[in-house]
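Worksheet: one structure, shown below.
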Amino acid sequence: MNNFFERRYVIQGIFIVMALALLSRLFYIQLIDDHYTASAKYNVLKRITIFPTRGAIFDRNGRVLVRNEAVYDIMVIPREVKPFDTLKLCQLLGIDKAGVEKRLRKAFTYSRVLPSAFEKQLPLRSYTAFSELSYEFRGFTGVQRSVRTYPDSVAAQFLGYVDEVNDRDIQRSHGYYKRGDYIGRTGVERAYEDSLRGQRGVQNSLVDSKGVVKEKYLNGLEDTAVVAGDPLISSLDLRIQKLGEKLMHNKVGSIVAIEPSTGEILAFISSPGYDPNLMVGRARGNNLVELSKNPYNPFFVRPIQAKYPPGSSFKPLSALIALQEGIITPQTTFTCNGVYWAGNHPVACTHHHGVTNLSRAIAGSCNVYFCSVFDELMNENGSQNTRPNFIDWKGKVNLFGFGSKLGIDLPHESKGYVPIPERYDKVFRGSKWRSSTFISLAIGQGELEATPLQMANIECVIANHGYFYKPHLIKAVGDKQVIRKEFKVQNNVGIDQKYFEPVIDGMQEVVEGGTAAASKIPGIIMCGKTGTAQNNHGKNHSIFVAFAPRDNPKIAIAVIVENSGQGAEWAAPIASYMVEKYLKDTTTTRPSGKTIEWLSAQNLLPALKTDAPVADPKKIITDSLKKVQTDSTKQIKSASRKAKRDTKNLVAVQTKRKEHE
């Protein structure tokens, strides 16, 4: 009898354990493991993601720079895939059998029950052929997407490109982006990603066992409406953007044009360029590889990343600081005999200008005059005060935007470089350095470096008689055309308005009868300054900066043509055509006889130090130089250590800079 009761307890215990095990399993399946939930969900409820179209981008006159084109992604849910005709799928999608197998393995690895991209960016014709036979391919569905298209194939570095998100993008977005999504990778596409991308929508539908949609789930109550991205109105003028890219064909350099009264960037040319349409579509990966291999580096955004000695284009700024400090007046003269002696080191001048005042010095680009002015500025109250005077001078130069980022609405802007006193302390082991040590700064050479954007911005300061607006590429965002507040703030440089007129007089004379006379524009008073920046690799850089017209200026411009020679030879005629086209919407002949077609046809590309073949620029890119090879300035010892050297190659001490400097 006792044995019977003992067996009964054992049997009861077994049933209790089994019941607990079943309950535990049910608890795990229903509340912890979402595998079966997801499986059941996708057997009955089909969630279709509706991707928004990215916002279009327009030029300042409403012309389309970027628009969208419909494409289709083929998605796959591995658990729903049934046996299918592999050869037929290969023919429909334009892939091989190995490609099908690879894509399926990748989808299985990601998830058996969640959809993932099988083939991306099918054009409408290919998708139509697939959709007509889609019933033969269970588990495969199409999703409409959009890709960018560029009607005029211009402004690639400004616009940037869109790329598929990677794991890092997904992590940074805190779950917003998912595999297969796209994100602005460079340029405006990146800077304004939050505005351009829009908001995804979701459509929930009930499906039968064959995956056929029967009806909306809960009559669409749980659907999410898709929101298109905001359109952007850029500040670019498509007319002069296209002209600038034509003029810079087969040349290395940059053009930046700005409207002084607003800071809006009218032209943003980085040469070499590339066709932005190459970064779209199923051939994008191959194109990206080819562009990346090209030694002329088309992805280098020269207007904001390249750094050059500004050369003689810096002289008007030097004059303004000296006027403000009371070192000179417009009537102050110095005698130019063709050379300035910095200690026992000669600085050559292009001419024997004789007795020269400020306006004549600017018009004739007199090195002697500006070295003399700089020397007096640095030695005010005695040479023992060189260091504090230099620090004060550096601070005033910084106010003009040199040596600091201007804050353009694009990523990866360089701040250029204005040397710090600690640099010279390190070289000369203390404070025993004088103005002759860095006299080349007076004429925009030596350690001084500026981006093309910074050079153009200086012209805005002069045109506005003492202030500038933050340069920007987007005028307005969205249908309400919202303008960012920081773009409306005046930035004053600390120079009284009365000092600008004598400087502008000299700049006008540069074009009327000075170094840029061959680029004079009929009927337009343009004030400018030529510059020739010394360069370690090949010929000097040709530089020209200007604004026009003199009264009520509408455009300020900086043009840099690398390794091409004098500023008057290449940069000045290019700038003059850009200015005339913007102001008059037409172009005329120049005294130099250099036409637009002639300038465009000239190949000024430096020779490459390789025998390897380079892809045809017309097919892949226009041409460029590597940043490291073109933007470095000459590195020589101080004037006191290099007397009797060639007078044409004087620059200040060059030492390796740290990033924080």
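With a 1.4 Å probe rolled over the protein heavy atoms of all chains, the accessible area of Val418, Val289 falls in the order Val289, Val418, largest first. Beta-bridge orientation, the chain: approximately 95 percent antiparallel, per DSSP, counting only bridges with both partners inside. Highest mean first, the peptides 384-390, 444-450, 278-284, 131-137 sorted by other C-beta atoms within 10 Å per residue fall in the order 444-450, 278-284, 384-390, 131-137.
Only protein heavy atoms count here; on that basis, with a 1.4 Å probe, Phe428 has an accessible area of about 40 Å². Relative to its Kirkwood radius, the Cα radius of gyration of the stretch 44-192 gives an Rg/Rh of 1.01. A quarter of the convex hull surface defined by the alpha-carbon atoms of the chain gives 43.3 nm² as the mean projection.
Note on Ser261: accessible area is roughly 70 Å² with a 1.4 Å probe, heavy atoms of protein only.
Within the stretch 405-448, the trypsin sites (Lys or Arg not before Pro) that combine a DSSP coil assignment with at most 15 other C-beta atoms in a 10 angstrom radius are Lys405, Arg429, Lys432. Measuring nothing but protein heavy atoms, the accessible surface of the chain at 1.4 Å probe radius is 51 percent carbon and sulfur.
Scoring 187-193, 294-300 by mean Cβ neighbours within 10 Å over their residues and listing the highest first yields 187-193, 294-300.
Any idea how far the Cα center of the stretch 473-504 sits from the one of the stretch 70-126, in Å? Cα centres, the stretch 473-504 to the stretch 70-126: 53 Å. The modelled label-to-label distance between Gln144 and Asn385, using points 7 Å beyond Cα along the C-beta direction, is 7.4 nm.
Accessible surface computed residue by residue for the chain, with neighbouring protein chains in place and a 1.4 Å probe, gives 46 Å² per residue. Based on DSSP H segments of at least four residues, each scored -39500 (n - 2.57), the chain has a per-residue ellipticity at 222 nm of -9000 deg cm²/dmol. Simple spin-label estimate for Phe15 and Gln331 gives 12.1 nm between the two label positions (7 Å along the Cα-to-Cβ direction from each Cα). Shown here for the stretch 457-490: trypsin sites (Lys or Arg not before Pro) in loop regions (DSSP other than H, G, I, E, B) with at most 16 other Cβ atoms within 10 Å, namely Lys480, Arg484. In terms of overall dimensions, the C-alpha atoms belonging to the stretch 546-604 reach 35, 20, 16 Å along their principal axes, ordered largest to smallest.
Val226 sits among other residues whose Cβ lies under 13 Å from its own Cβ, and their net charge, with Lys and Arg +1 and Asp and Glu -1, is +3.
Expressed as a rounded percentage, what relative contact order does the chain have, with Cα pairs under 8 Å and six or more residues apart? Before the final figure, lay out each step's value.
Working: 1422 pairs, mean separation 100.6, N = 661.
Relative contact order of the chain: 15 percent.
Taking each of Lys120/Lys475; Lys242/Lys581; Lys415/Lys470; Lys307/Lys394 in turn, the alpha-carbon distance tops 22 angstrom for Lys120/Lys475.
Under a model in which nothing but the beta-carbon of Lys, Arg (+1) and Asp, Glu (-1) is charged, the chain shows a dipole of about 1520 debye around its Cα centre. In terms of packing, defined here as the mean over residues of other Cβ atoms within 10 angstrom, the peptides 594-602, 72-80 line up highest first as 72-80, 594-602. Taking the C-alpha atoms only, the angle from helix 500-512 to the longest principal axis of the chain is near 90 degrees. Of all aspartates and glutamates in the structure, those lying under 13 Å Cα to Cα from Lys251, and not within fewer than 8 positions of it along the same chain, are Glu562, Asp623. The label point for His352 and the one for Asn552, both projected 7 Å from the Cα toward the Cβ, are 4.7 nm apart.
The values are calculated or read from the model by the stated rules, or taken from the named source; none is laboratory data. Bear in mind that the values here come from a model prediction, so they are computed numbers and not experimental data. When we count neighbours, we look across all protein chains shown, and the Cβ atoms used for this are built from the backbone with ideal geometry, even at glycine. The protein model used for the area step is the full one, side chains on, heavy atoms only, and it has no ligands, DNA or RNA in it. Shrake-Rupley method; radii C 1.70, N 1.55, O 1.52, S 1.80 Å.
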